[in-house]
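A.B. asks: There's a structure below that I have some questions on.
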Amino acid sequence: MKEFKFMHVSSKKMSVIVATAAFALLFSACGALGAKKSTPEATPAEAAEAEPESYGKVTLGDYKGMDLEVKEIKVTDEEIQSYLEGLVKSNPEQTEVDRAAADGDVVNIDYVGKKDGVAFEGGTASAYDLKLGSGSFIQGFEEGLIGAKKGDHKTLNLTFPENYGNKELAGKAVTFDVTVNAVKEEKESVLDDAWVERYTKGAQKTVDAYREALKAQFLDQRKKNEKSMEMNQVLQDAVEHATFELSPEAVAYETAQIKKRMEQQLKQYGMDMASYLQMSGMKQEDFDQQMQKDAENEAKYRLVIDEIFNKEGFHLGEADYKALEEQFGMSKDMLIERAGQKSVDLNARYLRVANFLIDHANKVAEKVSETEGNQTETTAAGESGAAAENGDTKAAETSAAAK
């Protein structure tokens, strides 16, 4: 279980999941770009759900030969060492013990959470490792397992906090039926060949080999991150040099799509829009204004991409779909099945235009600044994700279960 849904969700995590780009390579679960077209008889609500016939008009300014700062992409041995040390520290050795669980121990448990005698969504898991005293679960859960032994069955009578994000559970009395599968002690790990082989489940045999594998993963991820930033920058420059007459229907449609995506993301954390606004301290009026601004930006990007694509006489071919497959790690057929042909074509045009602008940009070396040393921090999430996909599953699970 990689997501514990009845925990607190930090404001920092929420700021990540609701962040929006001006134009995102994102397929919504409902295939929004393939929605039906609006008709004159459509109600305002229906129009917001239907993709408009036109997004408006755009007059392009300069979009070729614009300055584009490029970075030297590198990964140092010191960065890899620092990452490894953090990994070792956050993944101590665990040894099963035959005694009662104490604060600081890890218990492997099965549990079922119930409200009014009925299991609630997100409250059930099997073979879950929980460190007692970590504060990961709601108050009383971890404390209720102090003194438990392997094979014990316990029923915990608890109450969710009044300010809990999920309104169906906030302030409600619940029970958790818990089975203890094991009690484990933790001790600090040592970075050696044995730890590497154990941690990577045999994918790497030595520390040196693991260093090289990590360095390659980090370098690849940084190149991808930099390419994404370059694509955003050249498109942003093209938008800033253009003038627009936006269609109100297009802005309404994009606003609805942004809200829908956000609601889907919030739902994954057991929250709704009202709970998010309360947590963030944002007024509904301010939120609506931000959504309106984001929607206008997406409409502008859409118009610029389509206009450049047509002006340059581009046509989608197999190379464009191949680039899309590499971007998403899925076959063209699978992408079409999940998002629809129209959405796939839109994203393929995005890649074609962005790469064209990069190829025709005036590339200049990035100026050295104080922020240069922050590259590790800004890409850590992506690099950790890449590491998880290549065997660092424990780090991924630890992150997902964080308070």
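A.B. asks: Near the amide H of residue 68, under 5 Å away, which other amide H atoms are found, from residues 5 or more places off or on another chain, if H is placed in the peptide plane?
C.D. replies: 362, 363, 364
A.B. asks: Another question about this same structure. Work out, step by step, the length gained on full extension between residue 306 and residue 207: first 0.36 nm times the residue separation, then minus their alpha carbon distance; give nm to one decimal. Intermediate results must be reported in sequence, preceding the final value.
C.D. replies: Working: separation 99, 0.36 × 99 = 35.64 nm, distance 4.94 nm.
My answer for the length gained is 30.7 nm.
A.B. asks: Which whole-Hz ³J(HN,Hα) couplings does region 158-168 yield from phi under the Karplus relation 6.51 cos²θ - 1.76 cosθ + 1.60, θ = phi - 60°, glycine and proline marked x?
C.D. replies: 10, 9, 5, x, 4, 9, 4, x, 7, 5, 5
A.B. asks: What is the P(r) of region 188-259, as percent of Cα-Cα pairs per 10 Å bin from 0?
C.D. replies: Reading the bins upward from 0: 16, 21, 20, 14, 16, 12, 1.
A.B. asks: At what distance in nm do the modelled label points of residue 62 and residue 139 sit from each other, each positioned 7 Å from its Cα along Cα→Cβ?
C.D. replies: Placing both labels 7 Å along Cα→Cβ, they lie 6.0 nm apart.
A.B. asks: Next question. From the phi of every residue in region 332-342, what ³J(HN,Hα) in whole Hz does the Karplus formula 6.51 cos²θ - 1.76 cosθ + 1.60 yield, where θ is phi - 60° and glycine or proline is x?
C.D. replies: 4, 4, 5, 4, 5, 5, 8, 10, x, 4, 5
A.B. asks: Determine ³J(HN,Hα), in whole Hz, for all residues of region 277-290 in sequence, where each value follows from phi through the Karplus function 6.51 cos²θ - 1.76 cosθ + 1.60 and θ = phi - 60°; x replaces Gly and Pro.
C.D. replies: 4, 5, 5, 7, x, 9, 7, 4, 4, 5, 4, 4, 5, 5
A.B. asks: Starting from the coordinates of the alpha-carbon atoms of region 298-342, obtain the Kirkwood hydrodynamic radius over all distinct pairs and give the value in Å to one decimal.
C.D. replies: Details: mean 1/r = 0.0843 Å⁻¹.
Here the Kirkwood hydrodynamic radius works out to 11.9 Å.
A.B. asks: Work out how much length residue 319 to residue 366 would gain on full extension: take 0.36 nm times their residue separation and subtract the Cα-Cα distance, in nm to one decimal.
C.D. replies: Answer, rounded to one decimal: 13.9 nm.
A.B. asks: Right, next: Label-point separation (nm) for residue 127 and residue 337, each offset 7 Å from Cα along Cα-to-Cβ?
C.D. replies: 2.8 nm
A.B. asks: Amide H of residue 172 versus every other amide H placed in the peptide plane: which residues, excluding those fewer than 5 positions away on the same chain, fall under 5 Å?
C.D. replies: Here 160 satisfy the definition.
A.B. asks: Can you give me the orientation-averaged projected area of the convex hull built on the Cα atoms of region 93-187, in nm²?
C.D. replies: Working: hull surface 23.3 nm².
Across all orientations, region 93-187 yields a mean hull projection of 5.8 nm².
A.B. asks: Also, I was wondering about something else. Determine the distance separating the Cα centre of region 305-328 from the Cα centre of region 245-294; give it in Å without decimals.
C.D. replies: 29 Å
A.B. asks: Output the relative contact order of region 93-187, whole-number percent, from Cα pairs under 8 angstrom with separation of 6+ residues. The partial results should precede the final answer.
C.D. replies: On the way: 210 pairs, mean separation 40.3, N = 95.
In percent, rounded to a whole number, it is 42.
The numbers here are math on the coordinates, done by the rules we state, and not lab data. Because the structure is predicted, anything quoted here is derived from the model rather than measured. Neighbour counts are summed over all protein chains in view; Cβ atoms, including those assigned to glycine, are modelled from backbone coordinates with ideal geometry.
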